[in-house]
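So the structure is just underneath, and the comments pick up after that.
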Amino acid sequence: MSSVVIGIDPGSRFTGYGIVEYVGNTPNYLGSGCIKTGDGDLASKLKIIYDGVYSLIEQFHPTAMAVEETFLSKNVQSTVKLSEARASAIVAGANLGLSVFEYTPMQIKQAVVGYGWAEKEQVQYMVKRILRLSGNPQADAADGLACALCHCFTNQITTAMGKDVADTSSIHGRLQNKFK
């Protein structure tokens with residue numbers, strides 16, 4: 001069985017993305033890159049993120065979206081901007097009917113590197129190795145790919161345990177369970 005996952009590493013200036021197809025136990029690279037928002041106002045930047053993610057979903061037809069959760073930084077403005085960029089990507093996925101799954105930076109690093117406090121270079125290296133790429137992907141793209149891989153690995157484990165990954169990490173799944 002095959003599934004395609006889009007991973008999103010949100011940012012107000014650069015939103016990294018990675019698309020991975022998971023066939024059996026093997027992840028395969030389909031694409032990655034960075035949505036650059038430029039120097040416009042906030043509304044323009046959020047629209048660029050939304051349109052970019054929407055277009056990628058239409059192009060690759062993923063079955064799920066994995067998004068990195070917002071981490072709290074000392075700079076409240078940065079946290080708010082990151083959250084807004086994240087919401088823009090999530091709404092694009094939700095509008096196209098995708099189940100959206102959230103993972104903390106630590107969960108993503110643990111799944112891909114085996115160590116939750118891994119450095120960006122370690123994530124890039126492991127993404128390159130896991131997906132058999134010829135070179136390291138750009139940092140934001142590597143984070144998007146790592147997020148997609150985290151979902152693939154999490155889904156594989158929860159399926160083997162006889163559970164539904166939507167019950168554990170999906171926004172949709174958590175809302176459904178809350179109102180049962």
| query | Looking at the range 5-31, which of the residues that are crowded, with 22+ Cβ neighbours inside 10 Å and among the aromatic types (Phe, Trp, Tyr) is farthest from Leu46 (Cα to Cα)? | reply | Tyr22
| message | Taking the condition of being over 28 Å from Ile48 (Cβ atoms), without any contact (Cβ under 8 Å) to a residue 40 or more places away in the chain and among the small types (Gly, Ala, Ser), how many residues in the range 91-129 meet it? | response | 3
| said: One residue is enough: does the range 124-135 have a residue meeting the conditions surrounded by 15 or more Cβ atoms within 10 Å (Cβ to Cβ), at pLDDT 95 or above and within 24 Å of Ala85 (Cβ to Cβ)? | reply: yes
| Pairs where the first residue, in the range 4-20, is of a type in the set (Lys, Arg) and the second is not in a strand (DSSP E or B), C-beta under 8 Å, 6+ apart | Arg13/Thr37; Arg13/Lys45
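Collect the residues in the range 71-98 that are open to solvent by less than 50 Å² (accessible area, probe 1.4 Å), modelled with pLDDT of 95 or more and either among the polar types (S, T, N, Q) or part of a helix (DSSP H, G or I) (or both), keeping them in residue-number order. Let's see the steps before the verdict.
Taking the range 71-98 as the starting set, the residues that turn out to be open to solvent by less than 50 Å² (accessible area, probe 1.4 Å) are 73, 79, 82-83, 85-90, 92-93, 98.
Going one step further and asking which of them are modelled with pLDDT of 95 or more, we end up with 85-90, 92-93, 98.
Residues satisfying the conditions are Ala85, Arg86, Ala87, Ser88, Ala89, Ile90, Ala92, Gly93.
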| remark: Per the filter on the range 107-126, residues of a type in the set (Phe, Trp, Tyr) and in a loop (DSSP other than H, G, I, E, B) are Tyr115, Trp117
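For the range 48-69, how many residues meet the condition of being of a type in the set (Val, Ile, Thr), open to solvent by 60 Å² or more (accessible area, probe 1.4 Å) and under 25 Å from Val80 (Cβ atoms)?
Here is the first cut: in the range 48-69, the residues of a type in the set (Val, Ile, Thr) are 48-49, 53, 57, 63, 67.
The next check asks that each one be open to solvent by 60 Å² or more (accessible area, probe 1.4 Å); those that pass are 48, 63.
Retained after the next criterion (residues that are under 25 Å from Val80 (Cβ atoms)): 48.
Qualifying residue count for the region: 1.
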| said: Any residue in the range 25-47 that is of a type in the set (D, E, K, R) sitting within a Cβ distance under 8 Å of a residue that is in a strand (DSSP E or B)? List the pairs, counting only those 6 or more apart or interchain. | reply: Lys36/Phe14
| message | Against the definition (touching a Lys or Arg at 6+ places or on another chain (Cβ under 9 Å), of a type outside the set (S, T, N, Q) and surrounded by fewer than 19 Cβ atoms within 10 Å (Cβ to Cβ)), how does Lys45 come out, yes or no? | response | no
| field | Matching residues in the range 10-30 - criterion: being at pLDDT 95 or above, closer than 14 Å to Ala85 by Cα and touching a Leu at 6+ places or on another chain (Cβ under 9 Å) | value | Pro10, Gly16, Tyr17
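The values are calculated or read from the model by the stated rules, or taken from the named source; none is laboratory data. Quantities reported herein were computed from a predicted structural model and do not represent experimental measurements. Methodologically, a virtual Cβ is constructed for each residue, glycine included, from the backbone with ideal geometry; neighbour enumeration extends over all protein chains shown. Areas reflect the complete protein model, heavy atoms only, side chains present, ligands, DNA and RNA absent. Shrake-Rupley method; radii C 1.70, N 1.55, O 1.52, S 1.80 Å.
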